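Below: one structure, written as structure tokens.
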Amino acid sequence: MQLPINPFKAALGQGQPQYGIWAGFATGYAAEIVAGFGYDWMLIDGEHAPNTVPSILAQLQAVAPYATAPVVRAVTGDTVLIKQLLDVGVQTLMVPMVESAEQARELVRAMRYPPQGVRGVGGGLTRATRWDGVPDYLQHAQEQLCLIVQVESRAGVENVEAIAAVEGVDAVFIGPADLSTGMGYAGNPSHPEVQKQIRHAVDATLAAGKICGILAPQEEDARRYQQWGCQFIAVGIDISLLRQAALQNLARYREPENVAAPSRTY
């Protein structure tokens, strides 16, 4: 059996825009529905959704037959957690709130076996090796792993050049919501000062020869960020889309004042 190809990493290497969707319901059933929509990639959120390693595994199994590539966001960059996520088959990992090059280097080490890193060997216990069905997994695992670091704070933007330059970091993903909140513009990522910092982070990432991504559910934002050079963009959030569709449906039958107003978080 050959090492499974990482379709997300392969697609990024082609240089074409990749449109994604956030999957926040934390169940395999909902994730499978989302995987059938035709988005290029989907983010299984382990940070803000009520996910655990077993629930993430269930979603990876549910979406495996579909063309939409799964990306998993960990709740933290903890080395032990990363080991568990990689062992259950995560190939593309996003880590939130990366603020320094040293932090990024430690994440790279967590994703690699010794001597290049510190990842523990699970062997036949792990789905990643197809339970020892991939004979050369230890030698070639990192070739199909993709590390995305999230820059979403003042400190992260200040250090983005050094973060993006770290060998083993495949891409930088910008988080407008946390960044705008940290800058004192909570709920307003469109503020000119926030946009200036986002543009700087994009430019610095591209200058380092790395790929840049961002969350942008609003079409005007997504198109602007793509023009700036973002290659993979999350253009929808499943929970938000459900809420919006449900409110619009109810509005057909009730007076406007009796329908909850939609909110914009990102």
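Applying the criterion of being free of Cβ contacts under 8 Å to residues at least 60 places away in the same chain and closer than 29 Å to Ala69 by Cα to the residues of the range 151-164, the residue that is surrounded by the most Cβ atoms within 10 Å (Cβ to Cβ) is Val151. When we screen Lys9, Lys83 for residues that are closer than 21 Å to Val166 by Cα and within 16 Å of the chain's Cα centre (by Cα), the only hit is Lys9. From the list Lys196, Lys210, the lone residue that is more than 30 Å from Thr27 (Cα to Cα), more than 16 Å from the chain's Cα centre (by Cα), modelled with pLDDT of 95 or more and among the charged types (D, E, K, R) is Lys196. Among the residues of the range 92-107, those that are outside any loop (DSSP other than H, G, I, E, B), of a type in the set (A, V, I, L, M, F, W, C) and either in contact with a helix residue (DSSP H, G or I) (Cβ under 9 Å, 6 or more places away or on another chain) or surrounded by fewer than 17 Cβ atoms within 10 Å (Cβ to Cβ) (or both) comprise Leu93, Val95, Ala101, Ala104, Leu107.
The values are calculated or read from the model by the stated rules, or taken from the named source; none is laboratory data. Remember, predicted model here, so these are calculated numbers, not experimental data. Here Cβ is always computed from backbone atoms with ideal geometry, including for glycine, and neighbour counts include all displayed protein chains.
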